[in-house]
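One structure is given below, encoded as structure tokens.
The values are calculated or read from the model by the stated rules, or taken from the named source; none is laboratory data. Being a predicted model, the structure only gives us computed values, none of them experimental. FYI the Cβ positions are ideal-geometry reconstructions off the backbone, even for glycines, and counts take in every protein chain you see. Areas reflect the complete protein model, heavy atoms only, side chains present, ligands, DNA and RNA absent. Shrake-Rupley method; radii C 1.70, N 1.55, O 1.52, S 1.80 Å.
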Amino acid sequence: MPAVAAAPAPKMSNDDNRNGTGSGPSTSVITKVKPKTKRPNLYRVLILNDDYTPMEFVVHVLERFFNKDAEAATKIMLHVHHHGIGECGVFTYEIAETKVTQVMDFARKHQHPLQCVMEKK
């Protein structure tokens, strides 16, 4: 059986030897990349006035879905009543969309024509 010759060990250049034991200094540059992030778009959730939904129901919706206390909910409801529209809160897209859906489903379940919409701020 013929003998197999071992491969010669690779020689290291100064660039390959980065542990400081080589004959020459090596430098490396580490760059820190700052991620470009931006704030998400915000959306206003609005309730629209109608002639059929009871004021108490609107107050209840504001308390339940927007965590308003009774005083703040009543103030928003009166604003909706007098001006035709009122802001419930400002949220990111997904949260605003969820709140609009929850309010609309709740109003339909209770047979009220209450309208809730969102608009980009």
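Figures for the structure shown
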read-out: Rounded accessible area per residue of segment 19-113, 1.4 Å, Å²; value: 74 Å²
read-out: Karplus-derived 3J(HN,Hα), 6.51/-1.76/1.60, for each residue of segment 107-121, Hz, glycine and proline x; value: 5, 5, 4, 9, 6, 10, x, 3, 10, 10, 9, 10, 9, 5, 7
read-out: In nm, spacing of pseudo-spin labels at Arg64 and Lys32 (7 Å Cα→C-beta vector); value: 5.0 nm
